[in-house]
Amino acid sequence: MAKKRIRSGDVEGINMTPMIDIVFQMIIFFVLTIDMDKKQFDDRIKLAMAPHGKAVEQKDPRTVIVDVNERGTISIAFAVMSPEVFRKVMRNAVARYGQTVPVVIRGDRETRHKDIRRVMDICSSVGLWKIKFGAIKEKAGTVR
Amino acid sequence: MALRRRIKLSDDDVAEIPMTPMIDIVFQLLIYFLVTIKPIDVMAHLDVYRPSPESQRQQSEVPPNLIKITIFDQGLMINDRLVSLSGLASLLDKLADLDPNQTILIMCTALSPHERLVQVLDMCAQSGLNNLSVISTN
């Protein structure tokens, strides 16, 4: 009987602090990571699959991500712009950061090449010859 | 002594704060974030080079041994020979075995879908070919 009493006393005295610490760490992690990537990308653009492409590991903060939807509309961070405005934006980016600015074209899989070409030509005209195409390497588990 | 006793009592009070409601709320928050989080796709970047205006002028003098892949809206051609996607993959594997640094010229017609270009670039990445140049044609 005496032994049982000692055991029950031990159970009541469990130290909760490490568990609460870990739970708070997890909450902070989720709060910080939940919105960052969603804001950048337009979910309406259905990217093509490229399972063998180079995975994006390090993001250059200067990267310009250009969205081209299936109708050929150009937008950067949800801001729709005409080709002329896009040219000005790219010219400013090159003037500010030089000709090593990474450009990622996120074209919808249905987009015609002539619309992608228009974006590439504008990039070439401002001196950017190295271009990246955005694609999906691995689809997330859920069906959208 | 009286002061010491008071301090001891206040220490006991702090230790007896009920933790259960806080843990309940923390778990609720955790479950909320776990349920609402949307998994993000793993992104890939396919690097290509765009010929500069000067090199476009020199295209008439392209060396005959250059690998040229043409993408139409309906099919694919490699060095003016029609191929399927699987056929192109095996050909690219063979070419990569010979020289992985050779330049591949990818020519896209205006109406070809972007997905096909990405597929071809992905195949080149699979074969280990890195020098890719995309040219647009009408």
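Quick one: length gained pulling A:ARG118 to A:ARG91 fully straight, 0.36 nm per residue minus the C-alpha distance?
Values: separation 27, 0.36 × 27 = 9.72 nm, distance 1.51 nm.
Gain on extension, A:ARG118 to A:ARG91, equals 8.2 nm.
Placing a pseudo-label 7 Å from each Cα along the Cα-to-Cβ vector at B:LEU98 and A:LYS59 gives an inter-label distance of 4.1 nm. Remark: spin-label model distance A:MET26-B:VAL35 equals 1.5 nm, labels positioned 7 Å along the Cα→Cβ axis.
Applying a threshold of 25 Å to the alpha-carbon distances of A:LYS130/B:LYS38; A:LYS88/A:LYS132; A:LYS54/B:LYS68; A:LYS54/A:LYS130; A:LYS46/B:LYS94; A:LYS137/B:LYS38 flags A:LYS130/B:LYS38; A:LYS46/B:LYS94 as lying beyond it.
In this simple spin-label approximation, A:GLU138 and B:GLN28 carry label points 7 Å from Cα along the Cα→Cβ vector, and these lie 3.5 nm apart.
None of the figures in this text is laboratory data; all of them are computed from the coordinates on show. This one's a predicted model, so the numbers in the text were calculated from it and none came from an experiment. Cβ: placed from backbone, ideal geometry, glycine included. Neighbour counts: every protein chain shown.
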